[in-house]
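Notes for the one structure printed next.
The values are calculated or read from the model by the stated rules, or taken from the named source; none is laboratory data. Not measured: the values here are computed from a predicted model. Neighbour counts run over all protein chains shown; Cβ positions are idealised from the backbone, glycine included.
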Amino acid sequence: MPADFFEPISDHKTPPSYFFFDGDSWRAAEGGKTTPVISPIDGQTIGNVQMVTSSDIDAVMARAVQSQRAWEATPLNKRASIIHLAADWIRHYEDYLVALLMREIGKTADEAKGEIVRTADLIDYYAKEAQSIRGETVDSDNFPGYEKGKTALIDRVAHGVVLAIAPFNYPVNLSASKLAPALLMGNSVVLKPSTQGGISALHLVRIFEKAGVPKGVISAVTGTGDVIGDALMKHPAVSMVAFTGSSDTGRAIGGLSGMKPLLFECGGNNPAVIMPDADMNLAAREIVKGGFAYAGQRCTGIKYVLATPAVREQLLPAVLEEMKKSVNAGDPRSPETKMVGPVISARAADRIEKVIQDAVKQGATLVAGGGRTDALVEPTVLTGVTPSMEVIAKETFGPVVSFVEIQSMDDAMSIINASSYGLQASVFTRDEGAGLVFGKQLNVGTIQINGSPQRGPDHFPFMGIKGSGVGVQGVRYSLEAMSRLRSVVLNKPS
Ligand code: G3H
């Protein structure tokens, strides 16, 4: 561990216990309970994180409320400099953070490096973009029946305290994508990372602290959702909730949060529709990348392919060929491993294995993979999958691509629009116009023509509809979501 910089965040025992950050200091939870973080690579405990209590949460929230106004009153250019410095520290500790991510969540070196580099770039972009956010004025005489005399001065102000809940699959990036815009818009933030990934996220919080975010403005609490979920979500100090995670958890959080602004990135079950004129090699490359990168543990992964029997006949061999070239399941620390390391836990692998077996029992055919060893699930391809099978009806979040047979593009549209998810869909065709016309009929947040689903580039709008999310992320959109409009009306006395 880089000696001084990260020194206060753990007790340095073997394995270390990581403290939570109460906004002022790194400390153990009241009562001293912790929960282990197990590496998906070898099942070893790599550390413990604190199980905070509701009284820890009360203290954190009180500090967050108390410090927020002074932070919002701090000139934006100063807040932006602090945020830029956090990006610099991330780059400085890149190698250390990459190694930590690999061990904690099982990413390959390339994937972990990609997350860290992208996070530093994202934070810088946020800090630049925040400085171009402006208000406006609106005059009364634009509306019928009104004379001049009233002017609305409209600007953006902070919500107050933002509760940011981050998932295991991008613990640094998807924490930073909430922390940076919330802080830049003058909010204080309480981060609740996933337990798995929590150690990496705590390092990120330390980086923001060291960059100069004032006391109380940033804090991080750890523990399991079933124990602290209610205390966090129902806390009266929380003004807004930003969450990334499963659709089921999103629904539960939405239910607990009440009338608060929400920014939710939830599950995705993204289809790829292959039109008969598509470039099958391109489609195969994108399906393999989209289906198997980070072992399929991306909300933007391709989960199923909609193809007529004639299209499938051409496409399937190309997909299997591409898998031979681009995918190699194994230990993510090995340079031989490509795309598929272990999924986040042996328990997650149990679930994925069962979903695959259930599909086969219901008539699907296994054309690749299907097996697993501990947390390593083989890259799996199924054909003959139907929309009601759990492997695509629910987000599988594993290295599994399912082929669903259609007879026409209308079938594809009906299947996609009937899904409870609505994040992204890919359409492959050599005729961009036809792709556009078809794509615009799909009830999803984003349609990708000739590319696999993805969140980035990070300044693009990113949003799910239906069970896939609430609100819009992406640099400017997140800055807007992390703030609210305020209107002051000047009335000219008549
Ligand atoms: O898992 C959800 C992530 O936001 C997906 O991001 O498309 O960059 O992998 P990504």
- Give the residues of segment 31-67 that are part of a helix (DSSP H, G or I) and farther than 26 Å from VAL162 by Cα, sorted by residue number. none
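Just give me the residues in segment 394-429 being without any contact (Cβ under 8 Å) to a residue 40 or more places away in the chain, among the small types (Gly, Ala, Ser) and either surrounded by 17 or more Cβ atoms within 10 Å (Cβ to Cβ) or within 25 Å of ARG455 (Cβ to Cβ) (or both), in sequence order.
ALA418
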- Note on the structure: Those residues of segment 190-235 that are in contact (Cβ under 8 Å) with a residue 40 or more places away in the chain and in a loop (DSSP other than H, G, I, E, B) come to a total of 15
- Out of all the residues in segment 310-327, is one or more more than 20 Å from ILE447 (Cβ to Cβ), within 13 Å of the ligand (Cβ to nearest atom), in the same structural domain as GLU405 (by TED's automatic domain parsing) and assigned to a helix (DSSP H, G or I)? no
- Message: Could you check segment 150-182 and list, in sequence order, the residues that are away from the ligand (no atom under 16 Å from the Cβ) and either at pLDDT below 95 or of a type in the set (S, T, N, Q) (or both)?
- Response: THR151
- What number of residues within segment 35-62 satisfy the criterion of being of a type in the set (D, E, K, R) and surrounded by fewer than 22 Cβ atoms within 10 Å (Cβ to Cβ)? 2
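For segment 236-252, enumerate the residues that are more than 16 Å from the ligand (Cβ to nearest atom) and either outside any strand (DSSP E or B) or among the acidic types (Asp, Glu) (or both). Lay out the reasoning, then the answer.
First pass over segment 236-252, keeping only residues more than 16 Å from the ligand (Cβ to nearest atom): 236-241, 251-252.
Answer for segment 236-252, where residues must be more than 16 Å from the ligand (Cβ to nearest atom) and either outside any strand (DSSP E or B) or among the acidic types (Asp, Glu) (or both): PRO236, ALA237, VAL238, SER239, ARG251, ALA252.
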- What number of residues within segment 98-140 are over 16 Å from the mean Cα position of the chain (by Cα) and either at positive phi or not in a helix (DSSP H, G or I) (or both)? 11
- Query: Quick check: anything in segment 98-114 over 22 Å from ALA242 (Cβ atoms) and in contact with a His (Cβ under 9 Å, 6 or more places away or on another chain)?
  - Reply: yes
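From the list GLU129, GLU147, pick out the single residue that is closer than 27 Å to ARG298 by Cβ and of a type in the set (D, E, K, R).
GLU129
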- Search result, residues across segment 451-494 that are over 16 Å from the mean Cα position of the chain (by Cα) and among the acidic types (Asp, Glu): GLU480
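To keep it simple, each residue is scored yes or no on (1) under 28 Å from the mean Cα position of the chain (by Cα); (2) buried (at least 24 other Cβ atoms within 10 Å of the Cβ); (3) closer than 29 Å to ASN443 by Cβ; (4) not hydroxyl-bearing (Ser, Thr, Tyr).
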residue	(1), (2), (3), (4)
ILE274	yes, yes, yes, yes
ILE287	yes, yes, yes, yes
PRO332	yes, yes, no, yes
LYS338	yes, no, no, yes
PRO342	yes, yes, no, yes
